[in-house]
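The values are calculated or read from the model by the stated rules, or taken from the named source; none is laboratory data. Quantities reported herein were computed from a predicted structural model and do not represent experimental measurements. Here Cβ is always computed from backbone atoms with ideal geometry, including for glycine, and neighbour counts include all displayed protein chains.
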Amino acid sequence: MFDCCTIIDEFHANMRHHVAKGDEAFRWWLGVDHQGGVIRLTFQYTGPCFDPTQVRDIMPQSIEHRRIGGLGLALISQLSDRIDYSYHSGVNTLSVDVNTVEFPKEDESCL
């Protein structure tokens with residue numbers, strides 16, 4: 001559940017910072033489904049086509065030298081098991097699957 005909350009929070013932050021900065025009327029929608037041990041979060045919003053699955057990988061570097069941007073999508077990718085994107089008639093749809101059966105996702109060396 002914490003992974004899903006983090007994904008939702010990061011998505012919201014990206015929408016507010018990159019898609020609708022300063023637009024108080026901007027809205028996005030979230031659908032939640034759970035089947036077969038997988039939670040699917042489906043985000044939808046109107047706007048220009050932007051496929052977050054095509055964003056380049058984040059290069060490892062110190063926080064002091066890192067440019068702002070891309071870390072939210074990297075975090076969403078790390079916490080999810082599958083991400084799909086589509087764009088139809090001005091609506092962006094991002095589906096994020098989180099497997100609730102295979103835990104933990106953390107690297108065993110960190111435990």
First in region 15-40 and closer than 19 Å to Pro52 by Cβ, second anywhere and loosely packed, with under 10 Cβ neighbours inside 10 Å and of a type in the set (D, E, K, R), Cβ under 9 Å, 6 or more apart: none
Cβ pairs under 9 Å, 6+ apart, first in region 1-13 and outside any helix (DSSP H, G or I), second at pLDDT below 90: Met1/Thr100
Selected residue (criterion: modelled with the lowest pLDDT) from residues of region 38-72 that are within 30 Å of His88 (Cβ to Cβ) and among the acidic types (Asp, Glu): Asp57
Hits in region 74-86 (condition: in contact (Cβ under 8 Å) with a residue 24 or more places away in the chain, surrounded by 14 or more Cβ atoms within 10 Å (Cβ to Cβ) and in contact with a strand residue (DSSP E or B) (Cβ under 9 Å, 6 or more places away or on another chain)): Ile76, Leu79, Ser80, Asp81, Ile83, Tyr85
